[in-house]
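Trainee: My questions will all concern the structure given below.
The values are calculated or read from the model by the stated rules, or taken from the named source; none is laboratory data. Owing to the predicted nature of the structure, the values given are computational and were not obtained by experimental measurement. Positions of Cβ are generated from backbone atoms using ideal geometry, with glycine treated the same way; all protein chains shown enter the neighbour counts.
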Amino acid sequence: MRIARLTAVAAVAIGALALAGCSAGGSEIQEGTAITVVQNSGVDSLNPNTAAGNSTYNLNPNYLANSSFNYYDSSPKLVKNEKFGKYEVLSQSPLTVKYTIADGVKWSDGAPVDAADMLLAWASSISKYNSEKGVNFTSALAGGGLDLVTDVPKISDDHKSLTLVYSKPFVDWETNFGVGVPAHVVYQVAFPEVTDATKAKDALIKAIQGDDTAAITKIATAWSTAFAVTDTPSDAKLLVSDGAYTVTKLVKDSYITLTANKNYTWGPLPKVQQITIRIIQDPTAQVQALENGEVSIISGQATADTVTKLKGIKDVTTTTTATSTYEHVDLTFNNKGPFDPATYGGDATKALQVRQAFLKVLPRQDIVDKLIKPISDTAKLANSQTFLPGAAGYDDSVANNGSADYAKVDVAAAKALLAKAGVTTPVDVKFMYGKSNTRRASEFALIQASAKEAGFNVIDAGDDKWGSKLGDGTYDAVLFAWQFSSLAVSATQAQNQTGGGSNYNGYSNKDVDAAYVSLATEFDAAKQKTLLAQVDKALWSDAYGVTIFQFPEVSAWSNNVSNVQDSPLSPNVFWNYFDWTVKKGS
C-alpha cells in the first residue's frame, strides 16, 4: 500500500472541442477532447514509489499512466482489473500468491509487461535492498509486507507469471503488490550498452535471482534517481508507461500533459484524449478559474474563502467528503536539534520532556475552529496516529492513547516541563511547511504565536519543496498530511517502524516494531485493533507528534463535465478518470 504525502488541490479545465466518433481498436476515446487538471504543486518524479517522490502530486499522473491488478472505487471498494492481470492464492500454508499478466499487455514502447517488471517491484520493496550500508533503492514501500517473501519469487517459463511465497500469512497481501516502473528501462539506464528490451529484462532477472550486488546496486540507483525529473527528460525511455495515458510533456512547476495510449485495452477505457495537469498554487485563483469557465472541476484542499466563493458560482455542484487524509505535526528525533536525545548527551528523558512541552503549546483546537470548521461545521480534532476518525477502533484507542494531554494549549505545563528538563529558553525550533499553501501558512502563524508564550522560538522554515526535504535533518518539526491509498491495516507501518521507507523523523521504538510484526500476520479484526491501539499509545507517549484534523475534501464541478465522483482514498477525484466526458459544444 501507499501513504502519499499531502492531498493535492486539483482542478479540471476543458479544452473545448467537439466530440467525435470512437477511434479504432475498441477504444472509447472521443477524438479532440482535452481536460486540464490543476494541482497546487509540481511533479518532481515519475516514480512515486521512491521515498523522495512519494507524494500525491506525483501519484496523480502516475495513476493515469500506469495499470494495476486492482483499484479502489468511491465506496471505497477494491475492484479487480482482470483485463490487466489476475492473481490467485495457490496455498494458504504457506501463503502463496500467483500473479499473471494478461495477454497483449505491453509498455508504450511495445515491450511486454511481464515477470521481470514484477520481480523488480518485489526487489525494490524489500528491506534487504533498502539498506544505507548496502544496496539501496530508497523505496517508500521498504519494510512492508513484501519482507515476508524471503525467497526470490519464481517466474513461469513464459515470463507472464510470478509467484510470491510468504514465510508467514500476511493480512494485506491483496493490496501489497503490483507493477511499478518498467524493468527494461531501469536496466537500460543502469547499463546503457544494453539496447534490446528482452536482453535487458533477462539480465535484470539474472541479477536479482543471482543476488548480484554490483549489478543490483546500479539498478537501484537508476530506479531511485532516473525518474526524478521536473521537465520533459531528454531520454524518452523514462516516459514509457503501461496505462491509459503516456506523458508527452512536462514543464517544471507549470504543467504535465498526458495523451491517451492508442494501444491501451487492458482496463477501464477512458473517453478523453488528452489530460493536462497544470500547477496553480493559490486556491482562490483556482476557484476564479472555475467561475471564468477555464476550469471545470476542483477538488482537494480548500479554505473558508474558497468555500464561500464556490457557493456564489452558478451551474456548479459542490460536495464535501471526509477523506483518508489527516493533518499532523511530526518532530525530528535524529538531527541533533531540540527534540533529539543526542543534543542532551543521549538523555532520552530530557529530550522527551522538551518534545512534550512543545506539543503542549500546539493550538490544535484553534486551528480546527478557525481554519477547518468554516469549511465543514462538523470538523473535530483528530486524536489518533493509527485510526481515522469514525473508523472502527478509533474511539476506544483515543480513550486510552494519551492524546487528551494535548487537547488544549497548556503554557504553564509546557514551561514546567522545560524547567524540569533544565533547558534554557528560548528554544529554537526550525519549523517546515508548504510556504505557499495558504492554510498551512495560517496554521504556522497560529503555532508560532502560541509556542512563543512558553519560550519556543519557532523559526519559519517554510519551503515549497518541503516534500523533497523530508528526512534530510534540516528541520525540527514539520507540518504536512498523510493520505491513505488503501484500506490496509498495516498502512501506517512504513512511517512508524524503525527504518521504514516513510519514516522521515528517525523515530524508533522496539515495542512499536514488534506490534507491526504481529499485525502483519494477524487476521482477527479485534486483535488488529488492539495492536494498532498499542502503537497509537506508544506514539503519543513518546511525543512523536500530534494529529490535528481529518481533511474535508471539497469538490466542485460545472455542467461541462459528467461522471465526476470523489473518493475518500487517494487519488480522490481522479479515481474514475476513465468515466469523465466533455459535453458537446463546451
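Trainee: Does D472 count as without any contact (Cβ under 8 Å) to a residue 60 or more places away in the chain, over 17 Å from V535 (Cβ atoms) and not assigned by TED's automatic domain parsing to the domain that holds W173?
Mentor: For D472, the condition - without any contact (Cβ under 8 Å) to a residue 60 or more places away in the chain, over 17 Å from V535 (Cβ atoms) and not assigned by TED's automatic domain parsing to the domain that holds W173 - is met.
Trainee: Taking the residues in the range 449-481 that are over 13 Å from D428 (Cβ atoms) and acidic (D, E) as candidates, determine which candidate is modelled with the highest pLDDT.
Mentor: E453
Trainee: In the set K452, K465, K430, which member is closer than 28 Å to T56 by Cα and touching a strand residue (DSSP E or B) at 6+ places or on another chain (Cβ under 9 Å)?
Mentor: From the options K452, K465, K430, the qualifying one is K430.
Trainee: Name the single residue, out of those in the range 130-143 being touching a Phe, Trp or Tyr at 6+ places or on another chain (Cβ under 9 Å) and crowded, with 24+ Cβ neighbours inside 10 Å, that is farthest from K469 (Cα to Cα).
Mentor: So, considering only residues that are touching a Phe, Trp or Tyr at 6+ places or on another chain (Cβ under 9 Å) and crowded, with 24+ Cβ neighbours inside 10 Å, the one farthest from K469 (Cα to Cα) is G143.
Trainee: Out of S518, S541, I need the residue that is touching a residue at least 40 places away in the same chain (Cβ under 8 Å) and hydroxyl-bearing (S, T, Y). Which one?
Mentor: S541
Trainee: Look through D315, D282 and report the one residue that is on the phi > 0 side of the Ramachandran plot, touching a residue at least 60 places away in the same chain (Cβ under 8 Å) and not assigned by TED's automatic domain parsing to the domain that holds S486.
Mentor: D315
Trainee: Sort out which residues of the range 158-184 are more than 19 Å from the chain's Cα centre (by Cα), under 25 Å from S490 (Cβ atoms) and not basic (K, R), and write them in order of number.
Mentor: L162, T163, L164, V165, Y166, S167, P169, F170, V171
Trainee: Give the residue that is modelled with the highest pLDDT, with candidates limited to residues of the range 548-573 that are touching a Leu at 6+ places or on another chain (Cβ under 8 Å) and within 16 Å of Y326 (Cα to Cα).
Mentor: I548
Trainee: From P270, P283, grab the single residue that is buried (at least 17 other Cβ atoms within 10 Å of the Cβ), out of contact with any Ser or Thr (no Cβ under 8 Å at 6 or more places or on another chain) and not aromatic (F, W, Y).
Mentor: Checking each option against the conditions leaves just P270.
Trainee: If you don't mind, there's one more thing I want to ask. Only one of these conditions is not met by K206: (1) surrounded by fewer than 16 Cβ atoms within 10 Å (Cβ to Cβ); (2) within 24 Å of N54 (Cβ to Cβ); (3) basic (K, R). Which number is it?
Mentor: (2)
Trainee: Next question. Taking only pairs six or more apart or across chains, which ones have beta-carbon atoms under 6 Å, a first residue in the range 192-217 that is modelled with pLDDT of 95 or more and of a type in the set (A, V, I, L, M, F, W, C), and a second residue that is surrounded by 15 or more Cβ atoms within 10 Å (Cβ to Cβ) and outside any helix (DSSP H, G or I)?
Mentor: Going by the 6 Å Cβ cut-off, the qualifying pairs are A197/A111; A200/V194; I216/V135.
Trainee: State whether the residues of the range 381-391 include one that is touching a Ser or Thr at 6+ places or on another chain (Cβ under 7 Å) and under 19 Å from S442 (Cα atoms).
Mentor: There is at least one residue in the range 381-391 that is touching a Ser or Thr at 6+ places or on another chain (Cβ under 7 Å) and under 19 Å from S442 (Cα atoms).
Trainee: If we keep just the residues of the range 376-418 that are surrounded by fewer than 17 Cβ atoms within 10 Å (Cβ to Cβ) and modelled with pLDDT under 95, which is farthest from N503 (Cα to Cα)?
Mentor: D377
Trainee: Taking helices (runs of 4 or more DSSP H) that fall entirely within the range 304-414, which contain at least 1 residues that are in contact with a Phe, Trp or Tyr (Cβ under 6 Å, 6 or more places away or on another chain)?
Mentor: 348-360, 394-400
Trainee: Give the residue that is nearest to A65 (Cα to Cα), with candidates limited to residues of the range 239-287 that are part of a loop (DSSP other than H, G, I, E, B) and of a type in the set (K, R).
Mentor: K262
Trainee: A further question on this structure: Which of the residues that make up the range 186-202 are closer than 15 Å to D114 by Cβ and assigned to a helix (DSSP H, G or I)?
Mentor: Answer for the range 186-202, where residues must be closer than 15 Å to D114 by Cβ and assigned to a helix (DSSP H, G or I): V186, Y187, A197, T198, K199, A200, K201, D202.
Trainee: Take the residues of the range 49-65 that are hydrophobic (A, V, I, L, M, F, W, C) and part of a helix (DSSP H, G or I): which is nearest to the chain's Cα centre (by Cα)?
Mentor: In this case the residue turns out to be L59.
Trainee: Any residue that is modelled with pLDDT under 95 and either more than 19 Å from Y544 (Cβ to Cβ) or within 27 Å of the chain's Cα centre (by Cα) (or both) - is there at least one of those in the range 425-435?
Mentor: The answer is yes, given that some residue of the range 425-435 is modelled with pLDDT under 95 and either more than 19 Å from Y544 (Cβ to Cβ) or within 27 Å of the chain's Cα centre (by Cα) (or both).
Trainee: Assess whether L331 counts as being in the same structural domain as G506 (by TED's automatic domain parsing) and either modelled with pLDDT of 85 or more or crowded, with 20+ Cβ neighbours inside 10 Å (or both).
Mentor: For L331, the condition - in the same structural domain as G506 (by TED's automatic domain parsing) and either modelled with pLDDT of 85 or more or crowded, with 20+ Cβ neighbours inside 10 Å (or both) - is met.
Trainee: Mind checking which pairs have a first residue in the range 388-400 that is in the same structural domain as S486 (by TED's automatic domain parsing) and a second that is assigned to a loop (DSSP other than H, G, I, E, B), Cβ under 6 Å, 6 or more apart or different chains?
Mentor: P389/A382; G393/F387; Y394/S384; Y394/F387; S397/S384; S397/F387; V398/N383; V398/S384
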